[in-house]
Every structure is written in structure tokens, then in C-alpha cells.
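Down below is the structure, laid out as C-alpha cells.
FYI, it's all coordinate maths here, none of it is from the lab. As the structure is a prediction and not an experimental result, all values here were calculated from the model. Cβ coordinates were reconstructed from backbone atoms using ideal geometry, including for glycine residues, and neighbour counts include every protein chain displayed.
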Amino acid sequence: MLTRPDGFPARVKVLEAGSDAVEAYDEQRYDDLDLPWTSGFLDGELRLTSTDGFQWLRSARQVHIFAQDPNEPELISTSAARAGIAHTLICRSGDAETVRLAAAATGSPELQTHEHWQGIPGGWLVLSGYTPAHAATPPLSAGFRTMDPGEGLEISFEGGLAVRGRAYAAGHPPRIIVTPAPGAASVTIGGIAAELSSDGAWTAPGWDKPGQHMVDIVPGPSVSYEIAADPWLSGGWDFWDAHPQRFGNGAGEPWARARICGALIRGPADETVLAAETQQTLVALGARAGATPLRPRADSTVSVGLVAEPPAFLLSATGPRRSQGRVIWLGLTPAQNPSRRHDAEWVAIVRSAAARRLPLVQADAPGEAAWRKAKERARRLRNRRPRP
């Protein structure tokens with residue numbers, strides 16, 4: 001199962017899994033990815049990369065820990081055990097006795113052994129019923145510290161220039177925060193011992209360099225993040241041209257041909273160009289009329305729409321449930337003479353968003369007032385036919 005951090009697209013193709021696409025299950029994760037459970041898969045570090053450049057990292061481990069999630073029908077892999085929660089473990093047969101002793105050190109009941117489990121490679125076995133009651137006493141050895149529930153530590157990222165979920169621009173890394181203070185637990189970043197700086201953040205040599213990094217607390221959780229290299233240092237940005245006269249008679253719809261030149265971003269007919277990371281549904285909405293769906297580009301993970309006047313909102317959704325959608329206040333300078341025409345499609349979309357009670361995000365007081373007025377206008381116009 002692949003997590004879906006903020007900013008990751010609704011659909012990815014993982015290079016290591018062949019050509020099949022993996023769809024977003026919800027806003028937190030993707031559908032299950034079926035990879036063969038070989039001994040090497042269980043034993044080593046796992047790195048997965050999508051065709052769009054998104055990456056996932058799972059550190060090498062001697063014990064794999066699974067727990068029940070209330071929103072899932074089956075057990076879900078977790079980076080560390082939690083006190084008071086029943087877990088299922090997968091380990092090498094030769095490590096079984098060490099795992100049992102580690103379980104006893106946390107106050108867990110006796111583990112149940114399941115040998116020759118279907119899908120588990122030879123030399124590995126399943127142990128169920130691991131329910132730690134407290135931090136391990138004495139402390140566990142290095143390869144088994146993820147079994148120690150520790151003191152409920154959490155890793156978070158503050159500040160930095162985020163270009164997508166847990167990915168930050170080089171030169172603008174986040175502050176890595178561990179709460180509460182880890183005490184006797186060890187903190188590493190990229191496998192290197194980390195130190196607590198004077199401002200309360202954790203650092204280690206190379207922690208802010210481009211690439212994938214793993215913050216690992218033992219005993220405790222682990223979280224990966226990425227420092228994205230500056231494209232200007234490796235050939236520069238691609239130049240896109242926004243001048244309408246330079247489109248010529250190129251093939252394709254306008255949203256496939258929109259270009260950028262410096263700070264000028266306009267469509268072929270001087271439209272406003274709105275771009276957003278591709279989702280299942282993306283519709284630009286005016287404050288009083290106008291509903292423009294954004295179309296995905298083939299050369300990048302963005303969708304583009306050309307609108308006659310600056311939109312007020314962006315409807316973004318990955319599915320039909322309320323938790324899968326939101327209305328984003330764009331905060332753009334409104335047109336001097338906004339359209340007052342009756343737009344049946346705009347009315348229907350605003351009414352639908354209101355009925356689903358989609359949350360309004362990134363809105364200040366003017367944004368909240370604009371969305372309230374939009375819903376009121378859509379309610380008034382719902383039964384009115386547009387004039388011919």
C-alpha cells in the first residue's frame with residue numbers, strides 16, 4: 001500500500017510494478033500495489049518511483065509489523081508498534097526466539113506461530129497476537145527496536161518551501177521536529193546520527209541535500225521526505241511561450257498549447273490560464289457564473305484551463321464522498337465587469353458542492369463572503385431558465 005502525501009496526484013504509474021496505473025483510494029493512500037513477497041523484498045530497503053518522479057521509501061527491517069486500521073478490512077503495514085494495539089509480525093525463522101523475547105520485554109502476551117503461511121517465502125514465518133503494554137525493559141537490540149512502542153513519539157516538518165507533499169525545494173528545507181523529547185531513543189536522518197540544534201530541530205550531515213531522506217527514531221516511528229533539486233542548476237527551466245501569435249496553427253486544443261513566457265501567462269485568445277495538479281475532477285468557478293473544467297496535459301502532472309475572466313474558486317475532487325472534495329478560494333483579483341449571465345452549468349456545480357457540504361479552504365473573510373454569495377445566487381437561480 002502506497003501512502004498519498006499532500007500534493008501527490010490521483011493516479012500514478014509505478015516503474016517497478018509494470019505499466020498498470022494505481023488509482024488513489026482516498027486522500028491518504030493509493031489502491032493496493034501487488035508486489036511479490038520474496039525474501040529480498042522483505043529483507044532489504046524498498047524504493048519505488050512513479051513515471052512522474054514521485055518516490056516512496058521503506059527502510060530495510062528485520063521485523064515487519066502489521067496492525068488493524070478501522071477503515072481497512074485487512075491488516076496494514078506500520079513502521080513501529082504502538083502500545084495497547086494487537087499486531088502481527090513477519091520475521092525470519094531464525095529470529096523467532098529473539099522476537100519472542102522482545103515481545104516479553106514489552107509486556108505482550110505469548111505470540112502465536114503460523115508457519116508456511118501462503119504467500120510468505122521460505123525461511124520466514126508469521127507471529128500474531130503481539131500487543132505491547134509498555135516500553136521495552138531492557139531496551140531491545142538494534143534490529144528489533146521497531147517492536148518497542150517507546151513513548152509515543154511523533155515526527156513533523158515545519159516551514160520550508162514545499163513543492164508537493166513532504167518534498168521541499170533545495171535551499172529551503174523544513175525544520176524536523178520530534179515530540180515529545182525522544183529521551184533515550186536514537187534519531188537518525190539518512191542512517192546518520194542526528195543532533196538537536198539550538199532552535200529545537202533535528203539535523204544530520206547531508207539532511208538538506210537533494211534526494212530522498214529517512215528520519216528514523218528507534219524505538220519509534222520513521223518518516224521519509226525529499227529535497228527537490230533546483231532545476232536551474234541542472235540545465236534550467238523549460239521555456240514556455242505565452243504570446244498568442246506564436247502558437248501558429250499547432251495541433252491540439254488550447255489547454256494543450258498554453259505556454260509561459262517570463263511572468264506573462266495567457267491563453268491564445270488572451271484568456272486567464274489556470275493550472276493545478278491533476279485530480280479526478282477540477283473545475284474553475286467564477287464568483288457569479290462560469291464553470292471551466294481543467295484538462296490534463298500529456299507532458300506533466302498538471303491540468304490546465306483557459307477562462308475568460310479570473311475565476312474565484314477551484315473545485316477539486318478525487319471521488320464522490322465529502323472527504324474526497326474541497327472548494328479552494330483562489331484569491332485572484334476579480335474582473336472589473338464580472339459576468340451576470342445565467343449559467344445553468346455553474347448553478348448546478350455550485351449547488352452540488354453546497355449539497356455535499358464540501359469544505360472551503362484557503363479562504364479569508366472576503367473568500368468566505370464570496371462563497372456564501374455564490375451559494376445564495378445558485379439557490380435563487382436553480383429553477384430559472386436561461387434567456388435565449
- request: Note down the net charge around Pro334, summing +1 for each Lys or Arg and -1 for each Asp or Glu among other residues with Cβ under 10 Å from its Cβ.
  value: 0
task: Would you mind putting 322-330, 357-365 in packing order, based on average other-beta-carbon counts within 10 Å, highest first?
output: 322-330, 357-365
Highest average packing first - 84-96, 178-190, Cβ atoms within 10 Å: 84-96, 178-190
query: What number comes out for the charge environment of Val22, summing +1 per Lys or Arg and -1 per Asp or Glu over other residues with Cβ under 11 Å away?
result: -1
query: For labels at Ala86 and Ala142 in the simple 7 Å Cα→Cβ model, what's the distance in nm?
result: 3.5
- prompt: Around Val22, which amide H atoms from residues at least 5 apart in sequence, or from another chain, sit under 5 Å from its own amide H, with H modelled in the peptide plane?
  reply: Val12, Lys13, Val14
task: Write down the Å³ per residue value for the convex hull defined by the alpha carbon atoms of region 264-383.
output: 114
query: Any idea what the alpha-carbon Rg over 2.2 N^0.38 Å comes to for region 63-151?
result: 1.01
- prompt: Mind listing the Cα extents of region 142-222 along all three principal axes, in Å, largest one first?
  reply: 34, 24, 22
field: Label-point gap, in nm, between Ala365 and Ser77 - each point 7 angstrom along Cα→Cβ
entry: 5.0
field: Pair Leu101, Glu158: separation of 7 Å Cα→Cβ label points (nm)
entry: 4.1
message: Taking θ = phi - 60°, what integer Hz values does the Karplus form 6.51 cos²θ - 1.76 cosθ + 1.60 yield along region 354-365, in sequence order, with x for Gly and Pro?
response: 5, 5, 7, 6, 5, x, 8, 10, 6, 9, 8, 4
- prompt: Relative contact order (percent) for region 264-383, with alpha-carbon contacts under 8 angstrom and 6 or more residues of separation?
  reply: 23
